[in-house]
1. Name, by its number, the condition in (1) in a helix (DSSP H, G or I); (2) touching a helix residue (DSSP H, G or I) at 6+ places or on another chain (Cβ under 6 Å); (3) at pLDDT below 95 that does not hold for Leu118.
2. Could you grab the pairs with beta carbons closer than 9 Å, sequence gap of 6+ or different chains, first residue in segment 194-219 and free of Cβ contacts under 8 Å to residues at least 24 places away in the same chain and surrounded by 14 or more Cβ atoms within 10 Å (Cβ to Cβ), second one among the charged types (D, E, K, R) and assigned to a helix (DSSP H, G or I)?
3. Output the residue which, of all residues in segment 17-52 that are part of a strand (DSSP E or B) and either farther than 15 Å from Ala230 by Cα or acidic (Asp, Glu) (or both), is nearest to the chain's Cα centre (by Cα).
4. Looking at segment 148-156, can you tell me whether even one residue there is within 17 Å of the chain's Cα centre (by Cα), touching a residue at least 40 places away in the same chain (Cβ under 8 Å) and either surrounded by fewer than 18 Cβ atoms within 10 Å (Cβ to Cβ) or not in a helix (DSSP H, G or I) (or both)?
5. Within segment 5-45, which residues are without any contact (Cβ under 8 Å) to a residue 60 or more places away in the chain, crowded, with 22+ Cβ neighbours inside 10 Å and not hydrophobic (A, V, I, L, M, F, W, C)?
6. Is there any pair with a first residue in segment 61-80 that is without any contact (Cβ under 8 Å) to a residue 60 or more places away in the chain and a second that is charged (D, E, K, R) whose Cβ atoms are under 6 Å apart and which are 6 or more apart or on different chains, and what are they?
7. Among the residues of segment 221-243, which ones are more than 12 Å from the chain's Cα centre (by Cα), small (Gly, Ala, Ser) and either at pLDDT below 95 or in a helix (DSSP H, G or I) (or both)?
8. Given the options Val113, Val90, name the one that is touching a strand residue (DSSP E or B) at 6+ places or on another chain (Cβ under 6 Å) and crowded, with 17+ Cβ neighbours inside 10 Å.
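The values are calculated or read from the model by the stated rules, or taken from the named source; none is laboratory data. Because the structure is predicted, anything quoted here is derived from the model rather than measured. Quick reminder, even Gly has a Cβ in these numbers, built from the backbone with ideal geometry, and neighbours come from all protein chains shown.
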Amino acid sequence: MTQLPRTPTFSLKGKTALVTGASSGIGLGCAVAVAETGAHVVCAARGAERLNESVAAMQAEGLSAEALILDQGDLGALETLCADRAFDVVVNSAGLARHGPSLETTPEDFDAVQSVNLRSAYFLSTYAAKAMIAAGKGGSIVHISSQMGHVGGIDRAVYCATKHGLEGMVKAMAIEWGKQGVRINTICPTFIKTPLTASTFENPERRAWIEDKIKIGRVGEVEDIMGAVAYLASDASALVTGTSMLIDGGWTAD
């Protein structure tokens, strides 16, 4: 008799996840996606009011979530958090953009973007992986990167530098940690409708440029990211590490 293969589970029941930048936009979508698949989610962000509102909304829907006020640039706080909790899943959605012509970039702007997009992402990864390895159970780390980690963009030299750096970082860490059961990947969205991108879409020239580049013919919604998060967080992606999932509507297909 033919023995049928079985689809690996997407369930995160019994697991604990940390989602950073979880108060709104893509980060909130990540938190909901992980919670809907069964995990208890620690939702972290700097702003208390919006974070507490978002977590309350999740709890009202029966999702298991708690709020944590966290400045991701505080590496000491990150290290302590990861050592204390030993998360099964970490989804890093915290990010910063200061777009403008490269000839006008200030050292202060460069340092600010690099600190959030690369420095804190690096050490969050190492602290989380160290705890996962010490617990002997492995885990999954997912960074929300960008299509701009694979291509260039108008007025985005600093942002692209940090996202290209993030992509290389993830590949190297995957090589180091794979045999210890820790997987690490990125999700690379195109332009997604969020409060942070509203000003970009209000610029007719920029919106036309964006819509021309996205082959599917529409900009992204937060919901477009959520399935990828659930997949990479779960055992359904058990052989996936050191790679990026492009959710860009075909932007980078050229």
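1. Condition not satisfied by Leu118: (3).
2. Thr200/Arg206; Thr200/Arg207; Phe201/Arg207
3. Here the answer is Thr20.
4. Yes, some residue in segment 148-156 is within 17 Å of the chain's Cα centre (by Cα), touching a residue at least 40 places away in the same chain (Cβ under 8 Å) and either surrounded by fewer than 18 Cβ atoms within 10 Å (Cβ to Cβ) or not in a helix (DSSP H, G or I) (or both).
5. Ser23
6. Once the first residue is without any contact (Cβ under 8 Å) to a residue 60 or more places away in the chain and sits in segment 61-80, its partners that are charged (D, E, K, R) give Asp71/Arg46.
7. Gly227, Ala236, Ser237
8. Val90
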